[in-house]
Amino acid sequence: MKQWTVEQLARMIDHTYVKADTTEEQMEKLCTEAKEYHFAMAAINSGQTVRCAGLLKGSDVHVGAAIGFPLGQTTIASKVFEAEDAIKNGADEIDYSLNLTEVKAGNWAYVEEEMKQIVELCRRHEKICKVILETCYLEKDEIVKICEIARNVRPDFVKTSSGFGSAGAKEEDVLLMKQTVGSLVNVKASGGIRDAKTFKEMVACGAVRIGTSAGVSIVEEFRKEAKENGGVISIAMKIEE
């Protein structure tokens, strides 16, 4: 059993709004909430980077831009350009979507080259890089292969989902990802995480970042639980750290 404070759990949250009909008011609300709750990151589409970088300036919240999102069906050069543009516009973190056509074709050299180029870009700029697998479309051996590539290339995170696929994060996938990457790469769980119970299930399997649009309500659940349990949240871990 491991224990966290509410503040520590809040710092795991990537507070997310990536809908197509995003408005300026929604971006302002997202960033205001992220600052108030001290979330790790505001996760946005790359076109919102300048706006959110301005809104979050001087805070402890990172700006996270989604690249090649959510389908991953753009060229490596396009993703690199979009990522570099987002970084120039104020992004602190890059979450990019894999090209699943190449994954399904078993073109692992392509998958590795794409990962290398985006990771190297992020390293040059000292930014965090996350690789979105979209696990709902993958076989277990494909998840393992991608994570093995990640062990060599060393992005900061492998991430389950965009939130736009047929399903979101699942415990068994998070556990498999963490068991494969070990201590060399972190795991982010995202997609369908809307309450404290699901959040804790993902952490128990090894996730250290949680992507969710329900961050505020989840933290409020944690506050209530912590008040009843001596100020801490206890989670029975399923994986050794």
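Read-outs: derived from the displayed coordinates by stated rules, not from any lab. Fair warning: this is a prediction, and the values are worked out from it, not measured in the lab. Here the Cβ positions follow ideal geometry from the backbone for every residue, glycine too, while neighbour counts run over all protein chains shown.
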For this session: Output the qualifying pairs, or none if there are none: Cβ atoms under 8 angstrom, residues six or more apart or on different chains, first residue in the stretch 227-238 and in contact (Cβ under 8 Å) with a residue 60 or more places away in the chain, second residue of a type in the set (D, E, K, R) and not in a strand (DSSP E or B).
Result: I233/K200; I233/E225; I235/K200; K238/E171
Exercise. In the stretch 128-178, which residue that is of a type in the set (V, I, T) and over 14 Å from the mean Cα position of the chain (by Cα) is nearest to S190 (Cα to Cα)?
Worked result: I143
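In the stretch 167-180, which residue that is in contact with a strand residue (DSSP E or B) (Cβ under 6 Å, 6 or more places away or on another chain) and assigned to a helix (DSSP H, G or I) is farthest from G206 (Cα to Cα)?
M177
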For this session: Considering only the stretch 107-140, state which residues are among the acidic types (D, E) and either in a helix (DSSP H, G or I) or closer than 21 Å to I210 by Cα (or both).
Result: E112, E113, E114, E120, E134
For this session: Please enumerate the residues belonging to the stretch 23-63 that are under 18 Å from the mean Cα position of the chain (by Cα), β-branched (V, I, T) and within 12 Å of A91 (Cβ to Cβ).
Result: I44, T49, V63
For this session: Would you please name the residue that is surrounded by the fewest Cβ atoms within 10 Å (Cβ to Cβ), looking only at residues in the stretch 181-200 that are in a loop (DSSP other than H, G, I, E, B) and within 15 Å of the chain's Cα centre (by Cα)?
Result: R194
